[in-house]
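Inspection log for the structure reproduced underneath, given as structure tokens.
The values are calculated or read from the model by the stated rules, or taken from the named source; none is laboratory data. Just so you know, these numbers come straight off a predicted model, no measurement behind them. Every residue, glycine as well, gets a Cβ built from its backbone with ideal geometry; the counts of neighbours run over all protein chains shown.
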Amino acid sequence: MRLPVIFLDDGGVMNDNVRRGACFRELIPQFLVPRLGGEPRAWAEANVPVLDALMDEYTRRLYRRPEADYHTFLHEFFRVRWLRDMCDRVGVVSPPDDECAALAADAYTWITRRVRSAFPGAADAVRTLSDQGHRLHTASGETSLELDGYLTGMGVRDRFTTLYGPDLISTAKEGIPYYERVFADAAVDPADALVVDDAPIALSWAAAAGARTVLIGGGRDEAAAHLTVERLADLPAALDRLA
């Protein structure tokens, strides 16, 4: 039997979103104060309401709409608006839109590499799966730029082939087409794909696209449709038992 190609979600699977958010807020001032001025505490506090507003906009524009224009949303909102709106709250002059977008991308690159929020045993699990011969990709709602930073910070970037986020396939992680396009781009038969996620709805889309699925930390009701493990650290042994 061929080893499955594994597609790993990040937030909730490899990294703890709560810890990551706290780390991210601490790092924002370190990058932006030397470049734009303002008080460090103001930058850290500004990120929360700005990000909440952007997530509301994400829901309005992209929720359950994988066909929506992801790249325009990414540029206009999670690059330009993210930085411009924080500048307004901090009380500093924001750069022109194109400069905002470039500076925001630089900020994400710098910050994500310094975040430390991996779940216990997650990095070792990635290394073990890779050593077992599995080809690894991500299948995340985060962009490839963010994923590159977080996985570099974890020390496992070299274990992954392609870091799939919505930007690489121009498709939001909001339905079956996301996985269909990820598998097609990776040249992987869906029957050979194993998708690991903490969201049952995402795994239902992956399964509908033809993949096998693993649910991280799910409840009893969700577990029936998927192989379930408590945390990523438990996955290598669970796959050994299946084999």
Within segment 121-140, identify whether any single residue is surrounded by fewer than 23 Cβ atoms within 10 Å (Cβ to Cβ) and farther than 22 Å from residue 239 by Cα, and answer yes or no.
no
Of (1) outside any loop (DSSP other than H, G, I, E, B); (2) under 24 Å from residue 183 (Cα atoms); (3) not aromatic (Phe, Trp, Tyr), residue 134 satisfies all except one. Which?
(1)
Residue 196 is checked against (1) more than 12 Å from residue 8 (Cβ to Cβ); (2) outside any loop (DSSP other than H, G, I, E, B); (3) of a type in the set (A, V, I, L, M) and fails just one. What number does that condition carry?
(1)
Suppose we filter segment 75-89 for residues that are over 22 Å from the mean Cα position of the chain (by Cα) and either under 15 Å from residue 142 (Cα atoms) or outside the structural domain of residue 32 (by TED's automatic domain parsing) (or both); how many remain?
0
Among the numbered criteria (1) farther than 21 Å from residue 32 by Cα; (2) under 13 Å from the mean Cα position of the chain (by Cα); (3) in contact (Cβ under 8 Å) with a residue 40 or more places away in the chain, which one does residue 144 miss?
(3)
If I go through segment 64-123 residue by residue, how many of them are polar (S, T, N, Q), under 26 Å from residue 16 (Cα atoms) and outside any helix (DSSP H, G or I)?
1
Scanning segment 158-181 for residues that are in contact with a helix residue (DSSP H, G or I) (Cβ under 6 Å, 6 or more places away or on another chain) and not in a loop (DSSP other than H, G, I, E, B) gives 159, 163, 164, 166, 167, 168, 169, 176, 179, 181
Can you tell me which residue in segment 42-67 is farthest from residue 28 (Cα to Cα), limited to those that are small (Gly, Ala, Ser) and crowded, with 17+ Cβ neighbours inside 10 Å?
46
Return yes when residue 142 is outside any helix (DSSP H, G or I) and within 25 Å of residue 12 (Cβ to Cβ) and no when it is not.
yes
Hey, does segment 182-204 have a residue that's touching a His at 6+ places or on another chain (Cβ under 6 Å) and polar (S, T, N, Q)?
no
